[in-house]
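Okay, structure first, notes after.
Since every read-out is calculated from the coordinates, none of them should be taken as a lab result. The model shown is predicted, which means the values in this text are computed figures rather than measured ones. For neighbour counting, all protein chains shown are included, and Cβ atoms are generated from backbone atoms with ideal geometry for every residue, glycine included.
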Amino acid sequence: MATRNPDTQRDTRPVVDLRDPIEADHAYRISYAWRELRRGASASALRDYFFGLSDDALEPGQMDTLDILLTRDGWRMSELADALHIDPSTATRAVQRLVNDGLAVRRPSDDDGRVVLVEPSAEGRRRHRAVAKRRVIAMSKLLGAFDADERRLLADLLGRFVHELDVLVDELTVDR
C-alpha cells in the first residue's frame, strides 16, 4: 500500500526500474493484457454477448450505471458521480440517456422535495438482470480454467492492482 510523506505529500512507494529487461517484460505483458481486456476481439465479443447486438443493446457505461443504481434506493447525482468516478456533468448525461431509454427514473427525495434522486426503472431492473445472468455464466466458465488458489490469488492481485491504479490517479490529479 502506498504511503505519503506528510512533508511533500508525495507517494513514497518504490518505483520499478523498467530499464531492467525482466521488469520491462512484465510491464509489457501487463500492459498488453490490460489493452486486450479493454479493446481486444474477445472484449468486443463479450460486450456483444453481455449487452446484445440489437438497437436496444445496452452500452457498457449504461450497465456500469445500473450496477451502481441497484445498490440502494435513490441516488443524488453528486453521489452517483462519485460512485462511478466521473464528473457530475458526465453522470447527468449518463442518467439522461438511461431515462430516455426507459431504464431509469428521476423522483423527488422523500426527505427533501427539492432534491432529485435517480433509480432504475422496472425495465432497467429487468435488463440489468438479463445482463447479470449472462455475466455470471461467462465468469463461471472463465474461472473454471483456474484452481481455487489461483482464483483467490487472481482476485487479490486484481483488487490490489485496481487500488494502486486509484492511488496513482489521485497522485496524478494532485500533481496537475
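Which of 142, 103 comes first, and how do the rest follow, when ranked by fewest Cβ neighbours within 10 Å? Don't skip to the answer; put the middle values down first.
On the way: 142 10, 103 25.
The most exposed by this proxy come first: 142, 103.
Between 122, 28, 63, whose Cα lies farthest towards the positive end of the dipole of the chain when Lys and Arg beta carbons carry +1 and Asp and Glu beta carbons carry -1, centred on the Cα centre?
After comparing all options, I get 122.
With the cut-off at 1.5 for a/c, could you classify the stretch 103-149 from its C-alpha gyration tensor as rounded, prolate or oblate?
Prolate.
Using the Karplus equation 6.51 cos²θ - 1.76 cosθ + 1.60 (θ = phi - 60°), what ³J(HN,Hα) coupling, rounded to whole Hz, does each residue of the stretch 48-59 give in order, writing x for Gly and Pro?
Running phi through 6.51 cos²θ - 1.76 cosθ + 1.60 with θ = phi - 60° gives 4, 5, 5, 9, x, 10, 7, 4, 9, 4, 6, 8 Hz.
Mind putting a number on the dipole of the stretch 58-122 about its Cα centre? Charges go on the C-beta only, +1 for Lys and Arg and -1 for Asp and Glu, and I need it in Debye to the nearest 20.
Dipole of the stretch 58-122, to the nearest 20 debye: 220 debye.
Taking a ≥ b ≥ c as the square roots of the Cα gyration tensor eigenvalues, with a/c under 1.5 meaning rounded and otherwise prolate when a/b beats b/c, else oblate, which class fits the chain?
Verdict is oblate for the chain.
Given axes a ≥ b ≥ c from the Cα gyration tensor, I'd like to know whether the stretch 44-86 is rounded (a/c under 1.5), prolate (a/b larger than b/c) or oblate.
prolate
Could you state the number of Å between the C-alpha centres of the stretch 52-68 and the stretch 91-126?
That distance is 15 Å.
Rounding to the nearest 20 debye, state how big the charge dipole of the chain is about its Cα centre with +1 on each Lys and Arg Cβ and -1 on each Asp and Glu Cβ.
So the dipole magnitude of the chain works out to roughly 660 debye.
I need the phi-derived Karplus couplings for the stretch 126-140: 6.51 cos²θ - 1.76 cosθ + 1.60, θ = phi - 60°, integer Hz, Gly and Pro marked x.
5, 5, 4, 4, 4, 5, 4, 4, 5, 5, 4, 4, 5, 5, 4
Taking R0 as 30 Å, what's the FRET efficiency between residue 78 and residue 100 from their Cβ-Cβ distance, rounded to 0.05?
0.90
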